[in-house]
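Participant: My questions all concern the structure below.
The values are calculated or read from the model by the stated rules, or taken from the named source; none is laboratory data. None of the values given here were measured: they were computed from a predicted structure. Ideal geometry is used to build each Cβ from the backbone, glycine not excepted, and the neighbour counts take in all protein chains shown. Only protein heavy atoms, including side chains, enter the accessible area calculation; ligands, DNA and RNA are left aside. Shrake-Rupley method; radii C 1.70, N 1.55, O 1.52, S 1.80 Å.
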Amino acid sequence: MAQKINFSHRSVLLDECIEALDIKPCGVYVDGTAGGGGHSLEIVKRLTEGGRLIAIDRDDAAIAAATERLREYSDRVTFVRNNFSAVGDVCRELGIDKIDGILLDLGVSSYQLDTAERGFTHNTDAPLDMRMDRRNALDAYTVVNTYTQDELKRVMWNYGEEKFAPKIAAAIVRRREQKPIESTGELVDVIKSAIPASAREGGHHPAKRTFQAIRIEVNGELDAIEPAIRDAVSLLGSGGRIAIITFHSLEDRIVKQTYADLASGCNCPKSLPVCVCGRKPTVSLVNRKPITPSERELEENPRSRSSKLRVAEKI
């Protein structure tokens, strides 16, 4: 008998996302990061027999858990194991040329963080992995043990905004010259050794930024965001909505800037008397400022603290 996966994941900003999508009962919707199916369930509950949900996730455990959770609604859900960046290809392969809404939750799931062997967290000792899609060749072990010192520094600075990136990169290279760094616990020890004691007091865990950076590198998280937004918007029908939850400033900046570009019209030089580019906005911003968790949600789910929801509507 197959082992049942306990995919624990609290759906962040759940009510706000459902309201933002403005779901039409007969509409076609995409949950590009289905996770354990929390958001997907609330979407599909609002669909009639004519409606359809495409639930995408690159994690096999997520697909298994979401399939089980949404079993009652299987007649109106299609599950696809893929990266949300492939939303255009996924829809085309399914014969879908227009959708009414799409949701992307860019956070790491509680299941991924809490399942030690996935190697996502600095709080438990586990093999260095961090792959959201375990079919991929690149994992955290490869990054930590094969990237040059300059490459490690770049990853930590660009994706973790880690001010001690040069010291940590040098410490990693010194340690692996003795033996490969094989576990998250070993990596945490190296990071701690490279950061001054005064900087390790209070605040975030000293390894938090480095672990975030390596995870982003392993999964190509930031590279996927802008093209996925543009593909999704091209699929949206008039009045269709895109809702995206981010969890750190690097993600949020990309979403904000991409939305702003899609919402802008003419970009001709101001010196020209008339527009010659013919560029028209393709979306309008539903919320100028990001939607953040309520005090009640923060109390119930502290991991939601850094989340932000941005919503745009196809013109």
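Participant: Looking only at the stretch 1-55, count every residue that is of a type in the set (Lys, Arg) and either closer than 18 Å to SER109 by Cβ or modelled with pLDDT under 95 (or both) and tell me the total. It would help to see each step written out before you state the result.
Facilitator: First, the residues of the stretch 1-55 that are of a type in the set (Lys, Arg): 4, 10, 24, 45-46, 52.
Subset that is either closer than 18 Å to SER109 by Cβ or modelled with pLDDT under 95 (or both): 4, 10.
Selection size over the stretch 1-55: 2.
Participant: Are there any pairs, at least 6 apart or on different chains, whose C-beta atoms fall under 6 Å, with the first in the stretch 293-313 and modelled with pLDDT under 95 and the second open to solvent by less than 20 Å² (accessible area, probe 1.4 Å) and not in a strand (DSSP E or B), and if so, which?
Facilitator: SER304/VAL12; SER304/PRO293
Participant: Now, a different point. Which of the residues belonging to the stretch 284-315 are part of a loop (DSSP other than H, G, I, E, B), open to solvent by 50 Å² or more (accessible area, probe 1.4 Å) and either acidic (Asp, Glu) or closer than 16 Å to LEU21 by Cβ (or both)?
Facilitator: Correct list: VAL286 only.
Participant: Moving on. Can you work out which of the residues in the stretch 116-127 that are in contact (Cβ under 8 Å) with a residue 12 or more places away in the chain and part of a helix (DSSP H, G or I) is farthest from SER307 (Cα to Cα)? Lay out the reasoning, then the answer.
Facilitator: Looking only at the stretch 116-127, we keep the residues that are in contact (Cβ under 8 Å) with a residue 12 or more places away in the chain, and these are 117-127.
With part of a helix (DSSP H, G or I) added as a condition, the list becomes 117-118.
Numbers: GLU117: 25, ARG118: 22 Å.
Ranking the candidates gives GLU117 first.
Participant: What are the residue pairs meeting all of these: first residue in the stretch 87-104, first residue within 20 Å of ILE23 (Cβ to Cβ), second residue assigned to a loop (DSSP other than H, G, I, E, B) and open to solvent by 60 Å² or more (accessible area, probe 1.4 Å), Cβ atoms under 8 Å, and 6 or more apart or on different chains?
Facilitator: Every condition considered, the pairs that remain are CYS91/ASP97; ASP100/LYS24; GLY101/ASP22.
Participant: Which one is surrounded by the most Cβ atoms within 10 Å (Cβ to Cβ), of the residues in the stretch 35-51 that are among the aliphatic types (A, V, I, L, M) and within 19 Å of the chain's Cα centre (by Cα)?
Facilitator: Start the filter on the stretch 35-51 by keeping residues that are among the aliphatic types (A, V, I, L, M), which leaves 41, 43-44, 47.
Now narrow it down to the ones that are within 19 Å of the chain's Cα centre (by Cα): 41, 43.
On the way: LEU41: 21, ILE43: 27.
So the residue we want is ILE43.
Participant: Give the residues of the stretch 111-139 that are within 13 Å of the chain's Cα centre (by Cα) and either within 14 Å of GLU186 (Cα to Cα) or at pLDDT below 90 (or both), sorted by residue number.
Facilitator: Result: GLN112, single match.
Participant: Moving to a separate point now. Which one of these is over 22 Å from GLU251 (Cβ atoms) and among the hydrophobic types (A, V, I, L, M, F, W, C): LEU113, LEU53? Before you say what the answer is, go through the steps one by one.
Facilitator: Numbers: LEU113 fails: over 22 Å from GLU251 (Cβ atoms).
After ruling out the rest, the residue left standing is LEU53.
Participant: Within the stretch 52-85, restricting attention to residues that are out of contact with any Lys or Arg (no Cβ under 9 Å at 6 or more places or on another chain) and basic (Lys, Arg), which residue is most open to solvent (accessible area, probe 1.4 Å)?
Facilitator: Filtering first and then ranking leaves ARG71.
Participant: Here's another thing I want to ask about it. If I ask for residues that are surrounded by 15 or more Cβ atoms within 10 Å (Cβ to Cβ), within 22 Å of PRO25 (Cβ to Cβ) and not hydrophobic (A, V, I, L, M, F, W, C), which ones from the stretch 86-116 would you list?
Facilitator: Result: ASP100, GLY101.
Participant: Follow-up question, since we're still on this one. What's the total number of residues in the stretch 146-173 that are open to solvent by 30 Å² or more (accessible area, probe 1.4 Å) and assigned to a helix (DSSP H, G or I)?
Facilitator: From the stretch 146-173, those open to solvent by 30 Å² or more (accessible area, probe 1.4 Å) are 146-151, 153-154, 157-159, 161, 163-164, 166-167; that's our starting set.
So of that shortlist, the ones also assigned to a helix (DSSP H, G or I) come out as 146, 149-151, 153-154, 157-159, 166-167.
Residues that pass the stated criteria total 11.
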